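Take a look at the structure below.
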Amino acid sequence: MAQMGIYFDQSRCTGCFTCVIACKDWYDTPAYTPGRMRVSCIEHGTFPDLFAAYLALSCGHCQNPPCMAACPESAISKDPSTGIVTVDPNKCVGNTRCPEKCRKACPWDVPQFAPEAGARMDKCDLCADRIKHGQQAICVEACPMHAIDIGPLDELYQKYGDQKEAEGFVYKKRFAPAVVFKPRFYKIDGGNP
Amino acid sequence: MESKSLYDESRGPVTIVNTGCCHDCGGRCVLRAHVQDGKVIRIESDTGPGPQIRACARGRAYRQRLYSNERLKYPLRRTAKRGEGSFETISWDAALDEVAENLNRVKKEYGNSSVLFLPGAGNQGMLHGPLGPGLMLQMFGGFTRYWGIPSYEGALFASMATYGTIKTGHSRDDLLNSRMILMWGWNPANTVWDPETALFLAKARENGARMVAVDPRFTDTAATFADEYIPIRPGTDAAMLIAMAYVIITENLQDQTFIDKHTIGFNDYKDYVLGRSGGVPKTPRWAEEITTVPAQTIADLARKYATNKPGALIAGWGPARTAMGEQYSRAANVLCAITGNIGINGGYAAGFMRAYSSRETRHLQPDKNKKAVDKSKGIPSANPVENNALPRADSLYKLSGGTNATSARIHQSRIWDAILTGTAGGHPADPKLAYIVASNCLNQYPNANRGAEALKSLEFIVVHDQFLTPTAKFADIVLPVNTFMERSDIAPPWLGSPYYIYLNKTVDSMYESKTDLEICRDLAPRLGIDPGFFEMSEDEILKMFAGRRPDIDDYEKMKRDGVVKIPLSEPIVAFKDQVKDPENNPFPTLSGKIEIACGHLAEMDNPGIPQVPAYLGHKEHYDSPLSKKYPFQLLTTHSKIRTHSTLEMVPWLREIEAHGLWINPKDAQKMGISHNDMVEVFNDRGCVRIAARVTERIMPGVVNLCQGGWYQPDENGVDTGGCANTLTDDTHSPGGAFAMNSALVDIRPAGKPGKEAV
């Protein structure tokens, strides 16, 4: 199997947060604990020349994951057949014994810890279990705008092109996250593209 | 993948129950509840064949509402002063005895008109919610109720006056035929407006349609879809639309063939627009002064709209939710008409904007053999209190459909005044008892402080609800009602979509909660009413309801699938027949044509609802004397995390968006207010203390507090719950438009979060 990747159509995202809630519901993540899917709003300009876009970000499942390299406990691994990056909660020692090295190593802040002391890292695994059971990832299935897709990275490139950056997301070649975007960039001259 | 499978069934098998989300938003969406051991453990939405009806964050988060610890568990009796929220748990028998005793007493002492029934939209199923209690109270001898719905009354009145109907919308697939889409005061990214709307806007944009948003806020809709964003001063939309008509008329860009063939009154409007019938010419420069929109922008937009046909002017309801809001909506309808964008694919008639009319059942459809009733002599009603009352002076009573014209009803914004002043105050009744079902009326009617005063003055209040809302806190008896997950129902879609959702009961009723129907079943005998209807099973009733719908052909299949999607052979286009073949298909107006000048309005001779749309001021307009004292215009828009005041108690949703007062940085800086600082927003009606949300996404001079935050007055009467209606005006325009977006306020800093006011 090939490296799996994630596609996000930023031009469609209205910031409805349905993917965030669907993910929290599926994985039973409490409120005020970071979920595996996060949506952020990027705003530019001053009234009335404004720009606002949303970025839905779970994990890029990098081809050279910085979180994996940074983990002193070897708790993070990359599946050789799918490229999916996962954490073993039994190996992660939690954020009282480790200064969240994985989170700090990730330029996109993907590895997340619950607010309570000793919390283990948690992150997106592309809903590997749902996919194994013949279903789509929960965010893909939930998005009312059909703006998210998950699949082998090569296929995503074929379907959507190879744009690797979006407003609010800077690509890092040395980590090579498996992401494809249809972006909506802020232009200095004002108006929406 | 070493982790344990999510399909591990060691705690029992997981079954998927097809149900749907059913509160008062612009949705009604498919939910698939995963149930294990009698408990909902996860929720999915539509995974079936397209077009999918995908739920939004609100429906997806429902587990936290269903299992909220704040749910009402048992019947409650008040033990302290109204509004203090102190209650004792009592038995169902004791609670229902007390309700019946008070209903019987009030009926005997004052008559049925003193029973005030306040049904709400908290439940949107065909069966559950206010239907049962309304029927019960009708059989009890009747009740007084309200007319006017805050969401849309101005738009509805304008739709009836112009077109004689509320069916003025297109199905969303038709957006792909539009070359231009004007999204006027319309934010479906947050308000949904039928589940597929935002997706079709995205597709229309990808299809090359030019998209323009007109709004005082840079909404998610404007940000995501608009090629051009035009901010406009609240309450002045009619002026801009009229100035667009000026440009179109003076540059001869109108569709004169369409006007001649399908409309009446164009010349009257032309005279108003050009300033021939008194007043100034309504030039773009005139409108610039009023709206703040540059004259050039207005003229450009008018030209583009008139010459890039077909174009869809979608006139949202928010700008009609202002004082004199009927005029905005009328002006929008007329602009659609004079450009000939009506009855064609890719066009749009604005108006009320219902498209697929699944709410009109066969027995409600016009019957040609039925004799027309002369309503001027009295309007028949099944409610004995209303039967044969004369029509209201400013109602469109000669038309069929629209708002019930009876003068026996009280406009919803005047309910508090009616309770406090009664017949002496000019109202049709002297309310003594309020029967409140699925309604957080104290929170959602205008002027909450006056509402609290009114509720304190009543002799008895009973509330059916799921949570101890600000309204329920004022009840003498609170009856716990279950949620849609705990019963079966059918949800008709909102405005435009061809489908029904069948909500299969997912889990047993929580605690001692009951359906409204079960409550009536137990209460009816105590009121001496035959409980016949209430003793029917849910299934019998739903089957009966479905049987009246010509488009539900297989009830059992709908039940199994949880949804029936009705295929359309072509997009729904309002007035297609009227425009194609006007001889055989008149518009349902009195003249049979689109009424640019409305004869019914002309007869009323009320300067607040003139025969042609006009730009009108009012006592809380931006340029009124009161604006010197209260310089900010308040908007009370819809939040993306609530459905009105429903879903307030859901932590997952609260985490998404903090409630706060939107204020432009320019205004905030002048007062030394930083993001998240506490502020007090106030006027003569009340004061709200809330965190400031300093954002460029709102016009200077305008502030926004999303409606639906729960009213919570402190010991000084300052609302710390962020209820927008603490500040709104409880009067209405002649056509019924609510003034929810027309309140003037001032703002002062109130310290840092969590600290007392400075």
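Observations on the structure shown:
- Residue tally, condition assigned to a loop (DSSP other than H, G, I, E, B) and either surrounded by fewer than 24 Cβ atoms within 10 Å (Cβ to Cβ) or within 14 Å of another protein chain (Cβ to nearest Cβ) (or both), over the stretch B:210-246: 9
- Condition met for B:PRO582 (more than 26 Å from the chain's Cα centre (by Cα), at pLDDT 95 or above, surrounded by 14 or more Cβ atoms within 10 Å (Cβ to Cβ) and in a loop (DSSP other than H, G, I, E, B)): yes
- Helices (runs of 4 or more DSSP H) completely within the stretch A:86-193 that count 3 or more residues being modelled with pLDDT of 95 or more and within 13 Å of chain B (Cβ to nearest Cβ): A:138-142
- Number of the exception - B:GLY50 against (1) more than 11 Å from chain A (Cβ to nearest Cβ); (2) farther than 30 Å from A:TYR32 by Cβ; (3) of a type in the set (Gly, Ala, Ser): (1)
- Within the stretch B:646-667, if we keep just the residues that are aliphatic (A, V, I, L, M) and closer than 18 Å to A:THR18 by Cα, the residue that is nearest to the other protein chains (Cβ to nearest Cβ) turns out to be B:ILE656.
- Top-ranked residue in the stretch A:39-52 [being of a type outside the set (Val, Ile, Thr) and under 20 Å from B:LEU653 (Cα atoms); ranked as farthest from the other protein chains (Cβ to nearest Cβ)]: A:SER40
- When restricted to residues that are farther than 30 Å from B:THR515 by Cβ and more than 21 Å from the chain's Cα centre (by Cα), the stretch B:419-455 contains 13.
- A:TYR54 being aromatic (Phe, Trp, Tyr), over 21 Å from A:ASP162 (Cβ atoms) and at pLDDT 95 or above: yes
- Only one of the numbered conditions (1) more than 30 Å from B:ALA55 (Cα to Cα); (2) in a loop (DSSP other than H, G, I, E, B); (3) of a type in the set (D, E, K, R) is not met by B:GLU696, and that is (1).
- Answer from B:THR263, B:THR283, B:THR307, B:THR297 - the residue that is more than 13 Å from chain A (Cβ to nearest Cβ), surrounded by fewer than 22 Cβ atoms within 10 Å (Cβ to Cβ) and either without any contact (Cβ under 8 Å) to a residue 12 or more places away in the chain or farther than 22 Å from B:MET324 by Cβ (or both): B:THR307
- Hits in the stretch B:552-565 - residues which are touching a residue at least 24 places away in the same chain (Cβ under 8 Å) and surrounded by fewer than 15 Cβ atoms within 10 Å (Cβ to Cβ): B:ARG560
- Within the stretch A:53-66, residues that are within 24 Å of A:PHE185 (Cβ to Cβ) reach partners that are among the acidic types (Asp, Glu) and in a loop (DSSP other than H, G, I, E, B) with beta carbons closer than 6 Å, at six or more positions or on different chains, in the pairs A:ALA53/A:GLU167.
- Taken together, the residues in the stretch A:6-22 that are more than 9 Å from chain B (Cβ to nearest Cβ) and surrounded by 24 or more Cβ atoms within 10 Å (Cβ to Cβ) amount to 2.
- Selection status of B:ASP729, modelled with pLDDT of 95 or more and under 17 Å from B:GLU153 (Cβ atoms): yes
- Any hit, the stretch A:55-65, residues being closer than 21 Å to A:LEU126 by Cβ and facing chain B (nearest Cβ under 10 Å): no
- Here A:ASP28 clears all of (1) within 9 Å of chain B (Cβ to nearest Cβ); (2) touching a residue at least 12 places away in the same chain (Cβ under 8 Å); (3) closer than 29 Å to A:GLU116 by Cα; (4) not polar (S, T, N, Q) except the condition numbered (2).
- Qualifying residue in the stretch B:668-688 (condition: within 14 Å of another protein chain (Cβ to nearest Cβ) and either in contact with a Cys (Cβ under 6 Å, 6 or more places away or on another chain) or of a type in the set (Val, Ile, Thr) (or both)): no
- Checked against (1) within 30 Å of B:LYS261 (Cα to Cα); (2) assigned to a loop (DSSP other than H, G, I, E, B), B:TYR511 passes all but condition (1).
- Scanning the stretch B:200-209 for residues that are under 24 Å from the mean Cα position of the chain (by Cα) and surrounded by fewer than 23 Cβ atoms within 10 Å (Cβ to Cβ) gives a single hit, B:PHE200.
To keep it simple, each residue is scored yes or no on (1) crowded, with 23+ Cβ neighbours inside 10 Å; (2) part of a loop (DSSP other than H, G, I, E, B); (3) among the basic types (Lys, Arg); (4) under 15 Å from the mean Cα position of the chain (by Cα).
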position: B:ILE149; (1), (2), (3), (4): no, yes, no, yes
position: B:ALA155; (1), (2), (3), (4): yes, no, no, yes
position: B:LEU176; (1), (2), (3), (4): no, no, no, no
position: B:ILE181; (1), (2), (3), (4): yes, no, no, no
position: B:ALA189; (1), (2), (3), (4): yes, no, no, no
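- Qualifying residue in the stretch B:523-537 (condition: in a helix (DSSP H, G or I), in contact (Cβ under 8 Å) with a residue 60 or more places away in the chain and not hydrophobic (A, V, I, L, M, F, W, C)): yes
- Only one entry of A:CYS19, A:CYS62 meets the criterion of being part of a loop (DSSP other than H, G, I, E, B), touching a Cys at 6+ places or on another chain (Cβ under 9 Å) and not small (Gly, Ala, Ser), and that entry is A:CYS62.
- Verdict on B:THR162 being surrounded by 24 or more Cβ atoms within 10 Å (Cβ to Cβ), farther than 24 Å from B:ALA491 by Cβ and in contact with a Cys (Cβ under 9 Å, 6 or more places away or on another chain): yes
- Only one of B:PHE474, B:PHE460 that is at pLDDT 95 or above, farther than 30 Å from B:GLU603 by Cα and crowded, with 22+ Cβ neighbours inside 10 Å: B:PHE474
The values are calculated or read from the model by the stated rules, or taken from the named source; none is laboratory data. Here the structure is a predicted model, which is why all the values come from computation and not from measurement. Cβ: placed from backbone, ideal geometry, glycine included. Neighbour counts: every protein chain shown.
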